[in-house]
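Quick notes on the structure that follows.
Just so it is clear, none of the values below were taken in a lab; they were calculated from the coordinates. Keep in mind that this is a model prediction, so the values were computed, not measured. We place every Cβ from the backbone using ideal geometry, glycine too, and count neighbours over all the protein chains shown.
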Amino acid sequence: MAVSRLSRFVKLQTAASRNSRALAGLYSTAAEHCSRGDDCHGDDTVDNRSRAVANVRMLEARASKLEEQVRDLSEKYKRALADSDTVRRKTQKFVEDAKLFGIQSFCRDLVEVQDRLQEVFTKHGLEKMKPVGGKYDPYQHEIVCHTAAEGTEPGTIALVRQDGYKLHGRTIRHAHVGIAVETQEQ
């Protein structure tokens, strides 16, 4: 729609330039008549001048309308650009949200499964060990690394790499843990 308005503007501008050339011809014709010695004071000259003045006024009015149309089209163009930018940003956010939350219903189902499994584990006496901060016990833990951890005593468990489990108090899987060591200050 903006393109058709722009083409109309170009056509009107072309017509206005043709009319201004015709108007210049009227002035030059009157000047040529006077320079050749024709009667410059006749009724034809007054009619030509009044027509020329009318044409000038008409062209000025047309030019002001065209300028107004240019301002209007420029404003509409700027609004269209802003609207397209807004749509682009909203679409981009929608795509990002779809990527981020696309598996939300799947995750809800997994949380329900995890809750059910936890209930079954508790019902049958299976419990997860929570060794962080406790002392190392070779019957419950397997050392996989030593780490310098501030705020923990040397020889205590600083981190858990894999959870361990007990069934009715008996260890069925050792917890893989990292043991805190003393930090050497220099």
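Worth a mention:
- Packing, taken as the mean count of other beta carbons within 10 Å per residue, orders the peptides 95-103, 62-70 from highest to lowest as 62-70, 95-103.
- Under 5 Å, built H, 5+ apart or other chain: amide partners of T147: I179, A180, V181
- Sites T171 and L110 - FRET efficiency at Förster radius 30 Å, r taken between beta-carbons, to 0.05: 0.65
- In terms of the mean number of neighbouring beta-carbon atoms within 10 Å, the peptides 157-170, 78-91 order highest first as 157-170, 78-91.
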